[in-house]
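Trainee: The structure that follows is given in the form of structure tokens.
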Amino acid sequence: MQADEKPIEAGVNEVETKEERPSKVGVLSCSGESEAEGTIARNAVRLVIEKYRPGMVVTLCLPLYLAGDGGEREFARKVPVIAVDGCEKACARKATEKYSGEVESWIDIRDLLKQWGVTDKLSRSHPGKLEDELAEKVAQEIVHRINTLIQEGKVAVDNL
Amino acid sequence: MADSENDTEQTEIVVLPCSGLDKEAGSASRELALLLSDRGARIVCPVLYERSPKRYEKDLGAGRLVVIDGCKTGCASKLAAERGLKTARKLTVTEAAKQQGVEAGKDPRLGSALRDLLPELVEEILATGLVKAEGAEGALFQETVSYQEFGIDKFVFRVPTSGYFFNENDCWARVDGPRARVGVSDYVQQSASDMVFFEPPALGAEVSIFDEVGSLETTKTALDIISPVSGKVVAINSEVVEAPDLINENPYERGWAVELELTDFGSDRELLMDSAEYFEYLKRKAEGEHEALYGK
Amino acid sequence: MSKDKVYIIPCSGIGKPTASVGRNAAYRVVDDMRPDTCDTLCLGLLTLRDEEAVSKVRDSKVITIEGCAKDCARKNVEVSGKTPDISHRVHDFLKEHRDLKPESVLDVGEGGRKLTDIIATRLAEEADELAGK
């Protein structure tokens with residue numbers, strides 16, 4: 001399945017949990033205020049939620065693991081989680097592992113940028129064309145990981 | 001994910017009084033049913049039910065049954081038994097009155113002695129937990145809400161399975177005893193997007209069914225909350241005033257907007273959809289809108 | 001030295017346009033208006049109880065700016081052992097400027113940008129006061 005295929009249309013149906021598998025995927029970005037890669041991570045996750053896999057992805061504000069009412073800690077127990085981190089501190093992955101559970105897949109943005117040969121200095125507060133393009137590429141990578149989870153049977157999706 | 005409705009979660013009551021026209025106790029039975037109706041109960045007319053049982057099929061399935069007999073003849077109880085109805089509470093007026101030292105008379109007109117006992121009997125029925133009442137033991141609106149859902153395209157819409165009543169403006173009233181909380185449905189909060197402002201009505205304002213009882217503004221639009229019930233505004237959810245996005249987060253419970261002291265729920269109820277009716281209505285509406293936008 | 005900086009810490013809200021406004025306002029201050037006296041840090045590091053990040057907030061003046069009533073920034077700062085010197089919610093600014101509603105998370109729109117500037121100006125002034133200027 002290609003990462004840029006159209007999102008799966010659910011149609012009108014009664015929402016049911018198929019067997020024990022969840023029907024959604026959790027994608028959690030780091031908060032990434034300090035670093036440009038953090039901004040890219042967050043924007044990529046928003047693109048997946050709004051454009052590429054609407055209705056299939058749930059997310060969470062990372063600090064809610066501490067600031068929330070406790071229900072957030074069920075996150076990784078209820079859905080398979082893809083953590084997307086902007087730097088080696090890996091807050092999204094580590095916080096999920098600490099407060100909630102194992103992550104199914106992890107994306108290190110800096111690693112991806114190295115693979116893609118990106119050496120330009122990036123802006124955290126004034127993202128331009130390059131930052132937007134990188135966010136799109138990261139979003140595609142997230143979608144690829146989601147598709148892998150579906151193929152592995154870790155997510156139940158109608159009309160697959 | 002559908003949650004199945006079960007008796008223990010039903011807060012509605014359905015009243016089957018006797019139709020005793022020739023005794024004071026029969027009049028008291030009817031009057032007691034009317035007082036319970038003011039507190040949100042549905043009434044089943046025993047004569048109509050005898051002639052046309054289908055008429056009340058839905059009502060009888062919607063809540064827990066309270067049977068009120070005027071006297072030991074037990075006409076209402078016998079009718080319930082014949083129809084195989086599960087009775088949650090039975091009360092015989094003459095017996096209840098005797099316990100208070102009051103004797104029901106032969107004159108069919110309701111006298112003051114028996115009339116004065118009725119509010120106490122209402123409270124006794126309420127206190128048995130059939131309908132939540134405000135009091136020292138617990139507050140209103142505390143029962144756990146269960147939901148049913150349906151999906152269309154990327155959206156999933158939730159509707160509570162019981163205890164809520166809806167108008168066609170997609171506003172709900174959660175009735176608990178003499179009061180109701182009012183808010184907007186999950187469908188509204190998803191369609192209208194992020195709530196940014198809530199303008200509440202004045203405390204003490206008298207509201208009729210279908211009056212505006214507060215307004216909301218989102219990042220996309222502005223809308224009024226159309227009250228499904230008549231009453232007096234007795235509380236405003238200050239949490240929602242402070243953080244209107246609570247409505248997006250939790251539209252049916254923490255996202256309530258206004259609380260009303262009900263004045264005529266018995267009549268209002270006739271104009272509203274219960275949870276099951278609203279669920280079907282919303283499905284049709286959402287399907288229709290989806291079809292209009294995207295075709296079949 | 002972290003002690004000299006005033007930390008402007010926005011929430012990490014990824015689901016609300018108001019959170020985007022708060023984050024952008026923090027960036028306006030620390031990157032454009034007061035780069036010498038202000039800084040920000042990743043709230044996630046406080047969630048992880050990262051020692052360096054915790055030490056920074058404890059030793060510095062802190063202003064938090066929230067995108068919603070969950071107050072994640074303030075709460076995570078408090079768990080780190082510091083009460084923010086000043087706490088704001090974007091919604092409070094929005095109440096005073098109802099015509100400047102932000103449009104969406106990824107693009108707050110013209111109104112959202114103006115609101116960002118208003119908030120940033122206030123944050124910068126407050127940071128100046130906290131820094132003793």
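Trainee: Which value, in debye to the nearest 20, describes the size of the charge dipole of the stretch C:2-127 about its Cα centre when Lys and Arg Cβ atoms bear +1, Asp and Glu Cβ atoms bear -1, and nothing else is charged?
Mentor: Dipole size: approximately 340 debye.
Trainee: Let me ask you something else. I'd like the Karplus ³J(HN,Hα) series for the stretch B:165-176: coefficients 6.51, -1.76, 1.60, θ = phi - 60°, whole numbers in Hz, and an x wherever there's a Gly or Pro.
Mentor: For the stretch B:165-176, the Karplus-derived couplings read 10, 10, 9, 6, 8, 6, 9, 10, 10, 9, 9, 9 Hz, x marking Gly and Pro.
Trainee: Which of the lysines could a cross-linker span from B:LYS86 if the Cα-Cα distance has to be under 29 Å and same-chain partners fewer than 8 positions apart are dropped?
Mentor: Straight-line reach from B:LYS86, under 29 Å: B:LYS23, B:LYS54, B:LYS58, B:LYS72, B:LYS78, B:LYS98, B:LYS132.
Trainee: For C:LYS61, give me every one of the lysines with a C-alpha distance below 16 angstrom, ignoring sequence neighbours fewer than eight places off in its own chain.
Mentor: Answer for C:LYS61, where 16 Å is the Cα cut-off: C:LYS3, C:LYS5, C:LYS75, C:LYS82, C:LYS133, listed by chain and number.
Trainee: Once you have a ≥ b ≥ c as the square roots of the Cα gyration tensor eigenvalues for the stretch B:147-294, tell me rounded if a/c is under 1.5, and otherwise prolate or oblate according to whether a/b is larger than b/c. Could the numbers behind the result be given before it?
Mentor: Values: a/c = 1.91, a/b = 1.28, b/c = 1.49.
In terms of gyration-tensor shape, oblate.
Trainee: Can you tell me the orientation of helix A:36-47 relative to chain A, as the angle in degrees between its alpha-carbon axis and the longest Cα principal axis, to the nearest 10?
Mentor: Once rounded, the angle reads 30 degrees.
Trainee: Roughly how big is the stretch B:7-130's charge dipole about its Cα centre, with Cβ charges of +1 (Lys, Arg) and -1 (Asp, Glu), in debye to the nearest 20?
Mentor: On the way: 19 positive and 19 negative charges, 93 e Å.
Using only the charged Cβ atoms, the result is roughly 440 debye.
Trainee: If one computes the Cα centroid of the stretch B:248-296 and of the stretch B:58-104, what distance in Å separates the two points?
Mentor: Here the two parts' Cα centres lie 33 Å apart.
Trainee: Which ³J(HN,Hα) values in Hz, rounded to whole numbers, follow from the phi angles of the stretch B:244-255 under the Karplus curve 6.51 cos²θ - 1.76 cosθ + 1.60, where θ = phi - 60° and Gly and Pro get x?
Mentor: Ordered by residue, 3J(HN,Hα) equals x, 5, 4, 5, 5, 6, 8, x, 9, 10, 5, x Hz.
Trainee: Taking only Cα atoms of chain C, what ratio of Rg to Rh do you get with Rh as the Kirkwood inverse-distance radius?
Mentor: For chain C, the value is 0.96.
Trainee: Taking the dipole about the Cα centre of the stretch A:23-80, with the C-beta of Lys and Arg at +1 and of Asp and Glu at -1, give me whichever of A:VAL48, A:SER29, A:LEU66 is farthest to the positive side.
Mentor: With unit charges placed on the Cβ atoms, the residue in question is A:VAL48.
Trainee: Output the relative contact order of the stretch B:7-130, whole-number percent, from Cα pairs under 8 angstrom with separation of 6+ residues.
Mentor: On the way: 210 pairs, mean separation 41.5, N = 124.
Relative contact order comes out at 33 percent.
Trainee: Based on Cβ point charges of +1 for Lys and Arg and -1 for Asp and Glu, what charge dipole magnitude is obtained for the protein assembly as shown about its Cα centre, in debye rounded to the nearest 20?
Mentor: Working: 78 positive and 106 negative charges, 149 e Å.
Once rounded to the nearest 20, the dipole reads 720 debye.
Trainee: Just B:LEU36, B:LEU16, B:LEU140 to compare: in a GNM of chain B, with alpha carbon springs under 10 Å, which one fluctuates most?
Mentor: Sorting by GNM fluctuation, first place goes to B:LEU140.
Trainee: Would you mind estimating how fast chain B diffuses translationally, via Stokes-Einstein at 4 °C and 1.567 mPa s with the Kirkwood radius over Cα pairs, in µm²/s? Could the numbers behind the result be given before it?
Mentor: Values: Rh = 20.5 Å.
Using the Kirkwood radius from Cα pairs, D works out to 63 µm²/s.
Trainee: So what J values fall out for the stretch B:204-218 if you push phi through Karplus, 6.51 cos²θ - 1.76 cosθ + 1.60 with θ = phi - 60°, rounded to Hz, Gly and Pro as x?
Mentor: So the Karplus estimates, Gly and Pro as x, are x, 5, 8, 10, 9, 4, 6, 6, 6, 10, x, 9, 10, 10, 10 Hz.
Trainee: Whole Å is fine, so just give me how far the alpha carbon centre of the stretch C:87-121 lies from that of the stretch B:201-238.
Mentor: Spelled out, the Cα-based centre of one part sits 26 Å from the other.
Trainee: So, one more: Return a single number: how many Lys pairs in the stretch A:25-151, at a sequence separation of 8 or more or on separate chains, have alpha-carbon atoms below 23 angstrom apart.
Mentor: The number of close lysine pairs in the stretch A:25-151 is 14.
Trainee: If you don't mind, there's one more thing I want to ask. Springs between alpha-carbon atoms under 10 Å, Gaussian network over chain C: tell me which of C:ALA120, C:ALA73, C:ALA53 tops the mean-square fluctuations.
Mentor: Of C:ALA120, C:ALA73, C:ALA53, the most mobile in the Gaussian network model is C:ALA53.
Trainee: Using alpha carbons only, how many degrees (0 to 90, rounded to 10) separate the axis of helix B:24-38 from the longest principal axis of chain B?
Mentor: Value to nearest ten degrees: 10.
Trainee: Where does the protein assembly as shown land on Rg/Rh, using Cα atoms and the Kirkwood Rh? The partial results should precede the final answer.
Mentor: Details: Rg = 29.0 Å, Rh = 27.0 Å.
Rg/Rh for the protein assembly as shown comes to 1.07.
Trainee: Taking 8 Å as the Cα distance limit and 6 or more residues as the minimum spacing, I'd like the relative contact order of the stretch C:3-133 as a percentage. All intermediate terms of the calculation are to be shown ahead of the outcome.
Mentor: Working: 250 pairs, mean separation 42.9, N = 131.
Once normalised by length, the contact order is 33 percent.
Trainee: Turning to a different aspect of this structure: Over chain B, calculate the relative contact order: mean separation of alpha carbon pairs under 8 Å at least 6 apart, over the residue count, as a percent.
Mentor: Details: 594 pairs, mean separation 49.1, N = 296.
Here the relative contact order equals 17 percent.
Trainee: For chain A, state what percent of all Cα-Cα pairs lands in each successive 5 Å bin, counting from 0 Å until the bin that includes the largest distance.
Mentor: 2, 9, 19, 22, 20, 15, 9, 4, 1, 0
Trainee: Helix B:112-125 against the longest principal axis of chain B: what's the angle in degrees, Cα atoms only, rounded to the nearest 10?
Mentor: Value to nearest ten degrees: 50.
Only the coordinates and a few stated rules stand behind these numbers; no lab work does. What you see is a predicted model, and the numbers here were worked out from it, not measured in a lab. Here Cβ is always computed from backbone atoms with ideal geometry, including for glycine, and neighbour counts include all displayed protein chains.
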